[in-house]
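Here is the structure we will look at.
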Amino acid sequence: MSANDRPNRYTYKDAGVDIDAGNALVKAIGPLAKSTARTGADGSLGGFGGLFDLKAAGFSDPVLVAANDGVGTKLRIAIDSGIHHTVGIDLVAMCVNDLIVQGAEPLFFLDYFATGKLAVGVAEEVVAGIAAGCRQAGCALIGGETAEMPGMYADGDYDLAGFAVGAAERGTLLPRGDIQAGDVLLGLASSGVHSNGYSLVRRLVSDHDFNFKEEAPFEPGVTLGEALLTPTRIYVKPMLAAIRETGGIKAMAHITGGGFTENIPRVLPDDLMAEIDGASWHMPAVFRWLMQLGGIEREEMGRTFNCGIGMVVVVEAEKADAVAEVLTREGESVVTLGRLAARTGDAPHVTINGELGHGQQELGK
């Protein structure tokens, strides 16, 4: 641009930031936030901060639990395939699943949406997914931030971050202090790849010249992009029901990056180990496809992906059947993965007997 072409009076829009577009987005997503209203929050937007009334929500002596996360490079598949309405569910799931493993009920959620140039339609689709995730988790979307930052992102690109806060009554947080050898490990089915390992997924898709708009080799009738964008399962409501109805849950581990070997030890005492039966479930088709496509060893699969198990629950042995019954009633596909045992010396915290996910039992989504 020459000196003669420069405007005499600059506006923010000349620099690439459209305030009117931002206002249009806030107006468009108002009803979405309202749809997430729950006791303690009205779900409205527009203030400088979101409010939540713990007393109105029924808590008497609460401990607050907070978590934040993103969606990672799964966003790249959403952007490249033009499918934006599910990644918001992933954003919520990655935060609220980390709250429920501590026995906390998710109460409210805030999002951060950053882009180079705001496309109101795309942003509205993303927020619609966030609202859907909040409804699944029973938490209110009480605020967020939309950042339009020219020069920071390529055209069409955006990034997401989420922040969730939950609460539990004092003395009820997990893991419990009475975890012991003989406790049973239950596994809850994942809905797919969830939100970990997508840098490897994208590398395999690129190296083998697949297209996100073609039919998924492992799931006929849907495109590869649609299949890989299956949103992360939200375990909150079934787990809350099982915690409150059975009193038998001692700990939970959200199986994200690092798989069993890195996530389960986070909730166990150092003198206990998890013994898992690799034949207790059958690895779902998407993972078998990725494994074959990349020649990935099972150990590497288990460190990178959830391999079909999105949540592991440590349960009192005598209450394992009752817990499984409640979770099944609430729509979860449940398998008995194994038990806890005494650990001595430098023994591993997790052992897998047989090949990971090499059993016959198929898991539902």
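Just need a number here: residues in segment 56-81 that are in a loop (DSSP other than H, G, I, E, B) and in contact (Cβ under 8 Å) with a residue 60 or more places away in the chain. If you could, list the steps in order and put the result at the bottom.
At the first step, the residues of segment 56-81 found to be in a loop (DSSP other than H, G, I, E, B) are 56-61, 71-73.
Filter once more, so that each one left must be in contact (Cβ under 8 Å) with a residue 60 or more places away in the chain: 57, 59-61, 71-73.
Residues in segment 56-81 being in a loop (DSSP other than H, G, I, E, B) and in contact (Cβ under 8 Å) with a residue 60 or more places away in the chain: 7 in total.
Taken over segment 308-319, the criterion of being open to solvent by 10 Å² or more (accessible area, probe 1.4 Å) and out of contact with any Lys or Arg (no Cβ under 8 Å at 6 or more places or on another chain) is satisfied by Glu318, Lys319. Just to verify a result, which residue in segment 43-53, among those that are open to solvent by 50 Å² or more (accessible area, probe 1.4 Å) and either of a type in the set (Phe, Trp, Tyr) or at pLDDT 80 or above (or both), is nearest to Ala168 (Cα to Cα)? Taking the candidates together, the pick is Asp53. Put simply, of Ala216, Ala251 the only residue that is hydrophobic (A, V, I, L, M, F, W, C), surrounded by 18 or more Cβ atoms within 10 Å (Cβ to Cβ) and more than 27 Å from Pro106 (Cβ to Cβ) is Ala216. Here the helices (runs of 4 or more DSSP H) wholly within segment 188-250 that include at least 3 residues being under 27 Å from Glu316 (Cβ atoms) and either in contact with a Gly (Cβ under 8 Å, 6 or more places away or on another chain) or not β-branched (Val, Ile, Thr) (or both) are 236-246. Residues considered: Glu226, Glu262, Glu214. Of these, the only one that is modelled with pLDDT under 95 and of a type in the set (D, E, K, R) is Glu262.
The requirement of being of a type outside the set (S, T, N, Q) and free of Cβ contacts under 8 Å to residues at least 60 places away in the same chain is not satisfied by Gly187.
Say we look at segment 293-307 and pick out the residues that are open to solvent by less than 10 Å² (accessible area, probe 1.4 Å) and more than 14 Å from the chain's Cα centre (by Cα); which of these is modelled with the highest pLDDT? So the residue we want is Cys307. For segment 184-213, the set of residues classified as open to solvent by 40 Å² or more (accessible area, probe 1.4 Å) and touching a Lys or Arg at 6+ places or on another chain (Cβ under 7 Å) consists of Arg202 only.
Filtering segment 256-292 to residues that are in contact with a strand residue (DSSP E or B) (Cβ under 9 Å, 6 or more places away or on another chain), more than 22 Å from Thr230 (Cβ to Cβ) and open to solvent by 40 Å² or more (accessible area, probe 1.4 Å) leaves Thr261, Glu262, Arg266, Asp271, Glu275, Asp277, Ala279.
Does Ala181 qualify as being open to solvent by less than 10 Å² (accessible area, probe 1.4 Å), of a type in the set (Gly, Ala, Ser) and either outside any loop (DSSP other than H, G, I, E, B) or touching a strand residue (DSSP E or B) at 6+ places or on another chain (Cβ under 6 Å) (or both)? I'd like the intermediate steps shown before the answer.
Numbers: open to solvent by less than 10 Å² (accessible area, probe 1.4 Å): no; of a type in the set (Gly, Ala, Ser): yes; either outside any loop (DSSP other than H, G, I, E, B) or touching a strand residue (DSSP E or B) at 6+ places or on another chain (Cβ under 6 Å) (or both): yes.
Considered against the rule, which asks whether it is open to solvent by less than 10 Å² (accessible area, probe 1.4 Å), of a type in the set (Gly, Ala, Ser) and either outside any loop (DSSP other than H, G, I, E, B) or touching a strand residue (DSSP E or B) at 6+ places or on another chain (Cβ under 6 Å) (or both), Ala181 comes out as no.
Taking the criterion of being within 21 Å of the chain's Cα centre (by Cα) and surrounded by 14 or more Cβ atoms within 10 Å (Cβ to Cβ), the residues of segment 329-349 that qualify are Glu330, Glu332, Ser333, Val334, Val335.
The values are calculated or read from the model by the stated rules, or taken from the named source; none is laboratory data. This one's a predicted model, so the numbers in the text were calculated from it and none came from an experiment. Neighbour counts run over all protein chains shown; Cβ positions are idealised from the backbone, glycine included. In case anyone asks, the SASA skips ligands and DNA or RNA and just uses the protein heavy atoms, side chains included. Shrake-Rupley method; radii C 1.70, N 1.55, O 1.52, S 1.80 Å.
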